[in-house]
Structure formats: structure tokens, C-alpha cells
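Below is one structure; the comments refer to it alone.
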Amino acid sequence: MSNESIASVTHEPGSFEHTYQPKTAFTRWLDARLPVIRFAAHFMAMPTPRNIKYVWAFGAILAYFLVVQLYSGIILAMHYAPNSAIAFDSIEKLMRDTSYGWLMRYTHVVGASLFFFAVYIHMFRGMYYGSYKSPREVLWMIGVAIFLCMMATAFMGYSLVWGQMSFWAVTVITNLFSSFDSIYPGLGTAIVQWIWGGFSVDNPTLNRLFSLHYMVPFVLVALVALHVWALHVVGSNNPTGIEVRDVKKETLPFHPYFTTKDMFAIAAIAILFAYIVFWMPNYLGDVVNYEPANPLKTPPHIVPEWYFLPFYAILRAIPSKLGGVIAMFGAIVVLFFIPWLDTSRVRSCRYRPIFKWLFWVFVFDALALGYIGSQPAEGSWVFWGQVFTVYYFVHFLVLMPLVGLIETPSPMPESIEDDVKRKAKSTQPQAVPAE
Amino acid sequence: MTTIKTTLMGLAAGLLLSIAPAAAAEQAAAGHEEHYQIPRLKWTWGGIFGYFDQQQLRRGFKVYKEVCSNCHNLGLLSYRNLGEPGGPGFSPEEVKAIAAEVQVFEGFDEQGNIAMRAGRPADNFVWKFKNAKEAAAAFGGAVPPDLSLITRARGIEREFHWYEYPLVMAKDLATQYQEQGADYLHALLLGYVDLPAGRKIADGLNYNRVFPGNQLAMPQPLSDGQVEYGDGTPNTLDQEAKDVTAFLGWAAEPHLAERKKMGVWVIVYLAVLAGLLLLSKKVLWRNIEH
Amino acid sequence: MATTIDDDQQGGINRRDFIYIGTAAFAAIGGAAAMWPLIDQWNPDASTLSLASIEVDLAPIQPGQAITVLWRGKPIFIRNRMPEEVEKAKAVDVKELKDPDAEVIGTANLPATDANRTKPGKEKWLVMIGICTHLGCIPKGQSAGDEKGPYGGWFCPCHGSAYDTSGRIRMGPAPRNMEIPPYRFVEDTKIKIG
């Protein structure tokens with residue numbers, strides 16, 4: 001955007017319905033044929049509630065990590081050899097011989113972890129402020145689909161290292177499908193052999209995982225486009241959970257106000273990112289994966305990467321093989337339905353005295369499942385795994401519908417403007433009015 | 001979790017939860033597996049400005065060459081790496097001479113026989129054994145693992161109560177703890193102690209208090225005075241273990257020093273950028289209620 | 001639409017614009033620096049560079065024989081020339097050559113004499129990159145039974161370029177003499193190429 005247009009929106013907050021006027025002969029010519037600048041100007045001027053907090057920046061942070069993963073991933077693919085005989089060594093060659101190869105690889109590895117870190121905060125924020133509720137159901141569901149794509153991509157990417165943990169993770173997770181044998185004898189086995197392209201995890205499996213690891217991110221990018229589109233239709237939620245009534249007084253154009261704010265948030269998270277990449281790049285991974293895959297020897301303790309641990313705990317909590325698989329996928333599928341499971345009239349937990357606490361109990365439950373997932377499935381951990389798994393589903397299937405019906409919301413501001421004015425009064429009595 | 005003894009070993013002193021390394025050498029009940037708490041050592045390549053000490057790497061290479069390489073290999077390493085910056089810093093002539101000591105498979109001569117040639121700096125380290133089968137036959141079925149990534153492929157089983165987890169993680173993050181593998185390796189080399197009363201181990205295996213299960217096929221490889229350094233460094237077992245661990249630490253991560261050095265600049269840059277962006281944001285939002 | 005003017009905007013760039021522009025410029029510098037690893041990773045890696053120079057033992061090559069070695073993915077022709085071949089190469093007048101340049105890599109405007117294409121005192125050894133300068137084929141003439149062309153050196157079967165015993169183009173579509181790679185004698189019968 002030109003300086004002039006920044007200046008114009010800067011000095012008249014509120015009155016920013018963007019009317020793009022092509023200035024030069026070329027932009028007029030282009031505008032008549034492909035109004036891409038008009039579209040971008042309109043797009044970036046999206047009215048955004050002025051009261052949203054920094055936790056809303058995680059959307060932009062996720063976009064940043066997506067770009068980082070795409071760039072570093074495309075570069076890794078230029079050096080990686082998707083062949084079970086040399087895959088492991090090709091990565092080590094990249095790390096040792098290629099100029100900045102270690103940087104590319106550690107960026108991709110740590111980037112994947114922080115991508116999940118950011119998506120979990122993004123999702124919890126949506127849950128706390130009721131961002132999934134009408135009219136944002138589709139926005140939320142596309143988000144869950146993105147999360148699923150991320151999980152699939154991350155799992156397949158991890159397998160490409162072809163270390164011990166990669167190999168056995170692929171073996172264990174693909175073997176989940178053999179549980180279908182209990183539905184129809186032979187069905188599961190047939191599916192598993194089809195996935196493997198053989199009678200065990202081997203080179204054909206690695207090849208298809210590599211291809212899909214490259215392909216699924218394109219689906220993910222398409223879903224992100226839909227996610228952002230849906231966001232522009234319904235607008236951002238905000239901490240009050242109240243819809244915008246007066247665009248002029250309650251919102252600001254996304255650019256430059258929230259672009260600047262989000263850029264700061266991205267720079268801040270990039271400091272954490274750089275800290276891990278440059279000083280503890282292997283901290284979040286398992287040491288066993290630095291041993292090349294050995295089909296004859298299983299590591300004593302198979303654990304997925306940290307971001308899968310809660311789901312892994314749910315998988316192991318159920319004593320039946322098929323049941324565990326259903327519970328694990330159910331834990332994600334249930335997220336698709338929470339727009340309808342939540343019966344509350346109020347969106348934001350800020351005004352929900354009971355559910356606010358239940359939200360934090362759920363966060364604890366998820367963290368506990370993560371910790372249990374990292375422990376060996378023995379002793380009391382099995383029991384606690386079951387307790388927290390049951391609570392996971394109780395939260396969504398019982399508490400969410402029930403509490404919404406019985407809870408009396410606490411007093412709410414009348415509007416976003418009301419909330420902003422109250423906050424301004426209480427925090428900075430001397431503040432100069434904006435207009 | 002009743003079996004848990006302690007945690008946070010060797011982390012910064014003064015912590016309520018930490019205990020002295022010596023106190024940790026106690027045994028779990030009734031002659032079962034020994035729980036030896038591996039002490040956390042200070043390595044030159046730990047921390048923000050970590051680097052590998054050139055003299056130590058040279059000593060470590062000597063230990064590797066005279067002892068380890070009789071059974072193990074460093075297949076991911078090239079002889080040329082020995083002369084690259086950040087490493088032991090051998091001169092091109094020294095590297096050439098080291099490489100020339102091995103015979104490398106060249107191809108087949110006109111009669112179809114295997115043709116060998118003297119090693120060159122560009123070649124990867126050559127194993128003493130032709131292949132894993134030959135090694136297995138020589139060692140009764142146990143193949144000595146390749147050591148190229150050994151300090152990255154080994155960790156320490158740290159035990160702590162679940163509620164201590166956030167604290168452990170915060171400490172790790174604050175101290176950039178990435179040297180678990182080195183600590184493990186050093187402790188393993190020092191871990192050949194007398195068999196505790198009441199313990200039995202299988203024939204042909206050796207008791208080691210650090211190795212998981214305590215029964216290790218490798219006999220004690222290093223001992224006091226085993227390797228002549230020739231530079232006045234005392235060749236105690238501890239020193240030899242430290243030096244060879246440092247060498248293997250470098251072999252697993254030859255770009256470590258470069259990485260940490262670059263990191264400092266990146267962090268400084270990002271901190272300034274974040275500051276400027278925050279300033280821009282504050283200026284832009286200064287008259288706006290939100 | 002931009003009719004409002006901020007109080008402090010009258011004198012050109014104000015403090016606020018300075019902060020915005022400074023931040024953007026600083027971010028742009030970082031973005032440009034971050035591009036470098038993305039570009040540099042395409043350069044030949046350390047293992048490739050370590051093979052950038054090779055040593056070749058010439059002792060086993062009998063007079064009249066030639067060998068081909070691979071250097072940086074290219075064939076290097078090494079020929080132990082017979083005295084009469086050397087004489088023939090020396091006798092050629094540079095002025096009648098199609099390409100009067102010696103084509104020694106790293107030099108310019110060196111006359112294409114046989115002396116310039118070999119090392120002093122080692123005139124019997126011709127070391128050159130065995131790629132036809134026409135379209136990149138590998139000329140014939142290395143093996144004893146090969147056709148060597150009308151000038152007794154090498155003959156490219158693709159389009160009929162003929163080279164003399166010094167590897168200079170004498171006939172056919174190729175424009176230049178075959179190139180001489182950088183090399184030196186490290187011992188009496190050992191050369192280092194590259």
C-alpha cells in the first residue's frame with residue numbers, strides 16, 4: 001500500500017471502507033481486466049474488532065510458520081533421497097556437506113513443532129472465546145480440517161527421516177488399520193498391505209509417504225485460503241464475543257493496524273524459534289531417531305513427537321484395539337461438532353462463570369494426556385490415562401451441552417464500544433479520546 | 001510413580017530438588033537394575049557460545065584411532081572433515097596422511113577382481129571390517145554400532161515426579177541442555193564398576209552401571225594411562241573419556257560452533273526488529289482505544 | 001480522500017514515518033540476508049568440492065598410450081605422446097590454425113603453440129578436457145584401434161571435427177581447440193588436476 005493510503009486510514013480510524021481508485025494508466029488498465037489490486041485493498045481493509053488481544057495474532061503466526069515450512073520443505077526435498085537404503089544418510093549428508101543444510105533441516109524440524117504449538121494456542125483461544133459458535137461454524141470446521149492435514153503431514157514428514165522412531169512409528173500407526181480385522185476378517189490386513197505396498201514397512205511405503213508429505217500441504221494451503229475467506233465473510237470474533245454493531249467505532253482496518261501488531265507478534269515468536277533452532281534443535285525430538293531404521297529391532301519405548309502425545313494417550317487408554325483407534329479419531333472428530341454441542345447463548349468464557357473454569361480443567365486434561373502419552377503404558381499411568389480420556393469426551397459431549405443450559409451468564413457490556421470505553425476508563429483515566 | 005528417586009541431577013546448584021551426584025549412586029531395591037544418576041558435566045560446546053576445543057578434539061581423535069576404531073566406525077565422517085574449521089584442525093598434509101592409512105574400494109580391475117587404492121581426504125571413514133557380518137562374527141553376534149551420531153542418538157533417562165516437569169523443562173530451556181548424549185557416553189566409559197553383590201550377569205557380558213540393563217557386550221575400552229597424549233595432558237580414564245566424547249560430539253555435529261555463532265547474530269537482529277515493530281505498533285495505535 | 005493532514009506532517013518526513021520506514025527497511029535487510037542460505041544451498045556441497053581436484057599417477061602410461069580419467073564429471077584425456085607426434089605438433093604454424101588461442105583454462109590470448117599447451121620439460125604429456133568444442137561429444141582417438149582422423153590426434157564422430165596431436169581443431173565444425181585444464185606436476189610422473 002502506498003504511503004498516502006496508509007496516511008488516510010491512519011488519520012481517520014473507522015472510516016475505512018476502501019474505495020480503491022487506480023491512479024496510473026497501467027493500474028486503470030489492469031483494474032478493468034483483473035481487479036487484483038482492488039481485491040487486495042479491499043481484503044486488507046477488513047474491519048477487525050479493535051479490542052482483540054495478542055492471542056488473536058496466532059492466526060498470522062500460523063501463516064508465518066506455514067510459509068517457513070513450505071520454503072524449508074521444498075529445499076529439503078532438493079537434497080533428500082526417498083529411498084529406504086539412503087534416506088537416512090541423505091539427510092546426514094545435507095546436515096554435514098550442503099551449505100547451510102543444517103540450518104534448513106533444523107528450521108523445518110523445529111518449525112513443525114512450533115507450528116503445532118501455535119495451532120494449539122489458536123484452537124484453545126477459539127474455544128475460550130466461543131469463536132466456533134454461529135455464524136463461525138464453517139470457519140471453525142475448516143480449521144479442524146486444517147489441523148487434521150497438519151497432523152497427517154507432520155506424521156509423514158517424521159517418517160521420512162527413516163530413523164528407528166520413524167520406522168516404528170510408521171509400523172505402529174499403519175498397523176492401527178489392522179484393527180479392521182475385527183470388523184471383517186482379512187479386511188484390516190488387506191488395507192495394511194495396501195498402505196505398505198508390501199508385507200512390511202519398506203521402500204514402497206517410504207516412497208508414497210514422501211509423495212504425500214509433499215502433496216498434502218497443497219491441500220492444506222487450499223484449506224487455509226478457504227479459512228481466510230470464511231473469516232472475511234463472518235469477521236473476527238473478539239474477547240467480548242459480541243458481534244460488531246458499529247463498524248466505524250468498534251473496528252479498525254486490518255491493515256495497517258493489525259498487520260503491524262501481528263508482525264510484532266511474529267517477530268517475538270521468531271526469537272523463540274531461533275533460540276531453539278540455534279541452541280537446542282534436537283531438544284523436542286527423540287534421540288532414538290538418530291539411529292538408522294532397523295526392521296529387526298524395536299526401540300524399548302515408542303513415543304510420537306510431543307504434539308501427538310494427547311492423542312496417543314487416548315489411543316492407548318482403550319483396552320480394545322479397534323476401540324482405541326475409534327477413540328483417537330473420535331477425539332478429533334468431536335471437534336467438528338462443538339458448534340452444536342455448545343448450547344450457551346453467550347460466546348465468550350469471560351461471561352460464563354462455570355464454563356470458564358471447565359475450560360481450564362480441559363486445558364489441564366489435555367496437558368495431562370500429553371504427559372501420560374509420554375510415559376510407558378504401565379502401572380497407574382494406564383488408569384490415569386483412562387480417567388483423562390473419559391473426561392476429554394465428557395467435556396465435549398456432556399458438560400458443553402449441559403452447562404450452556406443451566407449457566408447464568410455474568411453481566412455483559414452492551415457492545416464492543418461499551419467494553420472498550422469501560423476498559424479505557426478503568427485503566428487510563430487520562431486517555432485522550434480517539435476522535 | 002513410586003520408584004522415582006530423584007531428578008534434576010547436576011542442574012544448577014541451590015535448587016531445592018537437586019541433590020549431589022555422589023548421593024545418587026545408590027541402588028534400587030533388592031539387586032535389580034541399578035539406577036545410576038548420570039552427572040551433568042560442563043562441556044566446551046554447551047551453552048550460548050559453545051565451541052569445540054581443538055586440542056581436546058585432537059586428543060579425542062587419538063583415543064578414537066587407537067582404541068575405538070579397532071571395533072567401531074565413523075561412517076558419516078570424511079577424512080577431509082578433520083581439517084575443516086571448527087574441528088580438530090589438522091593440516092591438509094596431516095589429513096592426507098591419515099586418509100592414506102586405509103585402503104578404499106576403488107572398483108574392479110580388468111580381470112574383474114576387486115581393486116583397492118589408498119584413501120584420500122574426500123573418502124568417508126573406512127571400517128576395520130568389510131561389513132556388519134564380519135564384525136558380528138568377530139564379536140559373537142554383537143555388531144559394534146557406528147559412532148557418527150552416537151552423542152545425538154543417546155540420551156539420559158531422567159526420572160522426576162510429574163509435577164516437576166514444567167520446572168525441568170524450564171531449566172533445560174534456560175541452560176540449552178543438549179549434551180545428554182555426551183554425558184551418557186562419558187558416564188558409560190567410566191561405568192565399568194565391580195559387580196554389586198548379589199547381581200549376576202550373562203557370560204561374555206560386562207557389568208556397567210550406566211548401560212540400560214547393566215549388561216554390555218563391550219568390555220571396558222579405556223583405562224588410566226592407556227593412550228599416550230604426548231602433550232602433557234594427564235591421561236587418566238576420566239580425561240580420555242572426556243576427550244573421546246568431545247571428539248564424537250564434534251563428529252555428530254561438525255557445524256555446531258558455526259550454528260551457535262550465527263544464532264547470536266540472528267537473535268540480536270530479531271530482538272531489534274521486534275523492538276522496532278513494537279515501537280511502530282505503539283505509535284500507530286497511540287490514540288486509539290482498544 | 002486523503003485530505004486530513006496530521007499536525008506534525010508539514011515538513012516532509014515526520015518522526016512517525018521515519019519509524020515506519022526504518023522498521024520496514026530493517027525488516028527488508030533481514031529478509032534479504034535470510035535469502036542467502038536459500039541460494040547458497042544450491043552451490044556444490046562440501047563433498048563435491050572435495051573432489052574438485054584429483055591426483056593422477058602417470059607412471060603406468062606407456063609411450064603412445066592414452067588414458068581417460070574423470071575430473072569434475074568431465075573426461076580428461078591424458079596421452080603419453082610419441083616423439084614424432086610431439087614433433088608434428090610443434091611444427092604447425094599457429095597462423096594457419098582455425099583457433100590461434102591455446103585454450104588453457106585461466107589464460108587469455110596465449111598463442112596455440114604446442115609448448116603453451118603442455119608443461120615445460122614434460123612435452124610428451126598432453127592433458128586436456130576431452131570434449132569436442134562443437135556440441136559436447138567425446139571425440140575418438142584414445143584407444144589404440146580408434147579412428148584418429150586426418151591429423152593423427154582425435155576425431156569426433158558426431159559431426160566430423162578433427163583434432164591434431166596437440167588437441168587443436170584442424171577441420172570440421174568445431175570452433176575451438178580442446179581445453180587444457182589447470183594442472184601441475186606434483187612429482188615427476190604424478191599430476192594434480194584442478
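Determine, yes or no, whether residue A:257 is assigned to a helix (DSSP H, G or I) and within 9 Å of chain B (Cβ to nearest Cβ). Yes: the conditions hold for residue A:257. Criterion applied to A:402, A:367 was being under 24 Å from the mean Cα position of the chain (by Cα) and open to solvent by 30 Å² or more (accessible area, probe 1.4 Å), and the one residue passing it is A:367.
If we keep just the residues of the range A:260-289 that are facing another protein chain (nearest Cβ under 9 Å) and not in a helix (DSSP H, G or I), which is surrounded by the most Cβ atoms within 10 Å (Cβ to Cβ)? So the residue we want is A:286. Among the residues of the range C:99-147, those identified as open to solvent by 70 Å² or more (accessible area, probe 1.4 Å) and in contact with a Cys (Cβ under 8 Å, 6 or more places away or on another chain) are C:135, C:138, C:140.
Yes or no: residue A:8 within 12 Å of another protein chain (Cβ to nearest Cβ), at pLDDT below 90 and assigned to a helix (DSSP H, G or I)? Quick ask: steps written out before the conclusion?
Details: within 12 Å of another protein chain (Cβ to nearest Cβ): yes; at pLDDT below 90: yes; assigned to a helix (DSSP H, G or I): yes.
Here the answer is yes, as residue A:8 does meet what is asked.
Of the helices (runs of 4 or more DSSP H) lying entirely inside the range A:21-114, those carrying at least 3 residues that are in the same structural domain as residue A:153 (by TED's automatic domain parsing) and open to solvent by 30 Å² or more (accessible area, probe 1.4 Å) are A:58-77.
Answer yes or no as to whether residue A:344 is touching a helix residue (DSSP H, G or I) at 6+ places or on another chain (Cβ under 6 Å), outside any helix (DSSP H, G or I), exposed (fewer than 14 other Cβ atoms within 10 Å of the Cβ) and more than 14 Å from chain B (Cβ to nearest Cβ).
On the way: touching a helix residue (DSSP H, G or I) at 6+ places or on another chain (Cβ under 6 Å): yes; outside any helix (DSSP H, G or I): yes; exposed (fewer than 14 other Cβ atoms within 10 Å of the Cβ): no; more than 14 Å from chain B (Cβ to nearest Cβ): yes.
Taking the combined requirement at face value, the residue does not satisfy it.
Between A:244, A:221, A:228, A:233, which is over 15 Å from residue A:171 (Cα atoms), open to solvent by 20 Å² or more (accessible area, probe 1.4 Å) and part of a loop (DSSP other than H, G, I, E, B)? When all the criteria are applied, what remains is A:244. Only one entry in C:167, C:160 is modelled with pLDDT of 90 or more, assigned to a loop (DSSP other than H, G, I, E, B) and either exposed (fewer than 15 other Cβ atoms within 10 Å of the Cβ) or hydroxyl-bearing (Ser, Thr, Tyr) (or both), namely C:160. Any chance the range B:244-259 includes a residue that's over 17 Å from the mean Cα position of the chain (by Cα), open to solvent by 10 Å² or more (accessible area, probe 1.4 Å), within 12 Å of another protein chain (Cβ to nearest Cβ) and touching a residue at least 40 places away in the same chain (Cβ under 8 Å)? Yes - at least one qualifying residue is present in the range B:244-259.
Which of the residues belonging to the range A:376-395 are crowded, with 20+ Cβ neighbours inside 10 Å and either touching a residue at least 40 places away in the same chain (Cβ under 8 Å) or closer than 16 Å to residue B:165 by Cβ (or both)? Let's see the steps before the verdict.
Of all residues in the range A:376-395, those crowded, with 20+ Cβ neighbours inside 10 Å come to A:381, A:385, A:388-389, A:392, A:395.
A:381, A:385, A:388, A:389, A:392 - these are the residues of the range A:376-395 that are crowded, with 20+ Cβ neighbours inside 10 Å and either touching a residue at least 40 places away in the same chain (Cβ under 8 Å) or closer than 16 Å to residue B:165 by Cβ (or both).
May I ask you to list the residues in the range C:143-170 that are of a type in the set (Val, Ile, Thr) and within 21 Å of residue C:69 (Cβ to Cβ)?
Our first condition is that a residue be of a type in the set (Val, Ile, Thr); within the range C:143-170, this holds for C:165, C:169.
The answer is C:165, and nothing else.
Of all residues in the range B:95-142, those satisfying the criterion of being under 20 Å from residue C:52 (Cα atoms), in contact (Cβ under 8 Å) with a residue 12 or more places away in the chain and of a type outside the set (Gly, Ala, Ser) are B:95, B:96, B:98, B:104, B:117, B:120, B:121, B:123, B:124, B:125.
Is the range C:45-62 home to any residue that is part of a strand (DSSP E or B) and within 17 Å of residue C:117 (Cβ to Cβ)? Scanning the range C:45-62 turns up no residue that is part of a strand (DSSP E or B) and within 17 Å of residue C:117 (Cβ to Cβ). Is it the case that the range A:120-130 has a residue that's under 21 Å from the mean Cα position of the chain (by Cα) and assigned to a loop (DSSP other than H, G, I, E, B)? Yes, the range A:120-130 has at least one match. Residues in the range A:338-350 that are among the hydrophobic types (A, V, I, L, M, F, W, C) and in contact with a Phe, Trp or Tyr (Cβ under 8 Å, 6 or more places away or on another chain): A:338, A:341, A:349.
The values are calculated or read from the model by the stated rules, or taken from the named source; none is laboratory data. The structure displayed is predicted, hence computed values, not measured ones. With ideal geometry, Cβ positions are generated from the backbone for all residues, glycine too; neighbour counts draw on all protein chains shown. Accessible surface is based on the protein model in full, side chains and every heavy atom, while ligands, DNA and RNA are left aside. Shrake-Rupley method; radii C 1.70, N 1.55, O 1.52, S 1.80 Å.
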